[in-house]
1. Could you say whether any residue in the range 39-58 is loosely packed, with under 14 Cβ neighbours inside 10 Å, assigned to a helix (DSSP H, G or I) and touching a Gly at 6+ places or on another chain (Cβ under 9 Å)?
2. Touching a Phe, Trp or Tyr at 6+ places or on another chain (Cβ under 6 Å), assigned to a helix (DSSP H, G or I) and modelled with pLDDT of 85 or more, is that true of SER133?
3. Please name all residue pairs, on different chains or six or more residues apart, with Cβ atoms under 8 Å, provided the first residue is in the range 171-184 and is outside the structural domain of GLY349 (by TED's automatic domain parsing) and the second residue is aromatic (Phe, Trp, Tyr) and crowded, with 23+ Cβ neighbours inside 10 Å.
4. Which number in (1) at pLDDT below 80; (2) part of a helix (DSSP H, G or I); (3) closer than 22 Å to GLU128 by Cβ marks the one condition that PRO174 misses?
5. Go through the range 61-87 and give me each residue that's over 24 Å from PRO315 (Cβ atoms), of a type outside the set (Gly, Ala, Ser) and buried (at least 18 other Cβ atoms within 10 Å of the Cβ).
Amino acid sequence: MALGRLKRKIFAPRSGEHEADKSLLSAVFVLLVFGLVMLFSASWIVSYSRFGNTYHYFVRQLVWVLISLLVFFLVSKIDYHIWKKFAGFFLLASIVLLLLVFIPGLRSEYGTARSWINIFGMSFQPSEFVKLSFLIYLATWLEAKKDNLNSFSGGIAPFLLILGVISALMIMQPDLGTLFIIVFTSVVVFFVGGGKIFHLFLVGMVAALTLLAVLSMNNIDDYKSDRFMCLKDPSYSAQDKCYQINQSLIAVGSGGWFGRGLGQSRQKFMYLPEVWGDSIFPIIAEEIGFIPSTLLILLYLFIFYRGLLIARDAPDIFGSTLAVGVVTWLAVQTFLNIGGMINLIPMTGVPLPLISSGGSAVLANLIAIGILVNISKQTKTTSRRY
């Protein structure tokens with residue numbers, strides 16, 4: 001009862017608003033709690049091995065979730081229209097954040113990617129916030145240019161220029177998973193905002209040429225070749241290049257219909273790499289099985305569905321495109337993570353939203369969802385179905 005009163009007080013509608021989408025809120029909170037439970041189960045062995053403390057990854061993520069929830073509550077109370085005033089700043093911030101990873105002393109390399117910066121001993125991934133800051137700028141720009149989007153000079157040309165700058169900085173890191181999320185989300189938002197189909201075809205051609213150029217870069221040629229070879233044949237270099245995907249498939253396959261049982265995974269005993277991060281889904285599948293894992297995917301789909309309803313009923317183009325962008329971003333990232341872990345697509349190294357360990361990721365995700373919740377408070381009341 002006390003929790004219910006606190007929830008109503010926090011999300012009480014202001015003048016001109018109605019209640020937030022309760023279904024979306026409930027689904028997000030269920031996913032967060034489930035994620036914390038599974039993170040502890042998946043990571044305690046590695047935590048103890050590395051830090052002598054079985055709770056290391058769990059406590060770190062719990063702290064970030066609590067901080068992120070506080071920011072989420074604040075953002076959900078702020079009228080989403082205010083973000084338009086800072087659109088230019090967000091574009092500049094996106095570029096600056098992506099440039100920070102190239103500064104010696106700040107950047108923190110992980111494998112072949114330079115996607116992190118290190119501040120006071122804490123790793124921070126700027127690209128997670130670029131997904132949101134660039135999205136806010138793009139939604140603002142589309143609303144302002146809605147009458148000129150059909151022209152080449154007023155629509156597709158500046159869109160490609162802006163997206164090209166962001167993409168170039170992502171390629172230089174290189175972070176191809178995040179690049180794909182940003183490009184795909186931007187194209188969807190451009191279409192929803194009123195972009196022409198022919199112009200989208202041009203975007204597709206440019207993206208294809210860019211992808212070919214990226215894949216021919218010497219510093220990632222072997223890397224991408226291995227990923228595609230592992231997709232085609234996981235037995236290729238099973239103990240080296242394809243080791244992670246093989247261990248992932250073993251984990252998923254050994255889970256059966258209902259899993260080995262919570263906490264009973266075998267692959268988390270230092271066999272499957274990154275069990276606290278990108279590879280957490282195979283541990284989930286191993287411990288709870290195919291059917292519960294399918295329910296998890298359905299929960300994600302439900303969140304995306306609620307987000308699309310909010311986008312449909314948003315009171316203006318800015319709200320609609322921003323909501324579609326948030327939903328597309330989270331949906332594509334979820335697909336890239338799970339698809340990579342079950343060898344449906346090449347592994348990309350992106351985290352599973354709201355479940356994988358990572359302070360930058362969960363904070364960015366919950367800020368975006370907080371904006372989505374505020375949009376839901378201002379949807380057209382005649383079409384609300386919450």
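The values are calculated or read from the model by the stated rules, or taken from the named source; none is laboratory data. What you see is a predicted model; the values in this text were computed from it and never measured. Note: ideal-geometry Cβ built from the backbone for every residue, glycine included; neighbour counts use all protein chains shown.
1. From the range 39-58, those loosely packed, with under 14 Cβ neighbours inside 10 Å are 48-53; that's our starting set.
Applying the additional criterion that residues be assigned to a helix (DSSP H, G or I) yields 48-51.
Filter once more, so that each one left must be touching a Gly at 6+ places or on another chain (Cβ under 9 Å): none.
So far as the range 39-58 goes, no, none of its residues is loosely packed, with under 14 Cβ neighbours inside 10 Å, assigned to a helix (DSSP H, G or I) and touching a Gly at 6+ places or on another chain (Cβ under 9 Å).
2. On the way: touching a Phe, Trp or Tyr at 6+ places or on another chain (Cβ under 6 Å): yes; assigned to a helix (DSSP H, G or I): yes; modelled with pLDDT of 85 or more: yes.
For SER133, the condition - touching a Phe, Trp or Tyr at 6+ places or on another chain (Cβ under 6 Å), assigned to a helix (DSSP H, G or I) and modelled with pLDDT of 85 or more - is met.
3. Listed pairs, sorted by first residue: ILE181/TRP329; ILE182/PHE134.
4. (2)
5. Listed by number, the residues that qualify are GLN61, TRP64, VAL65.
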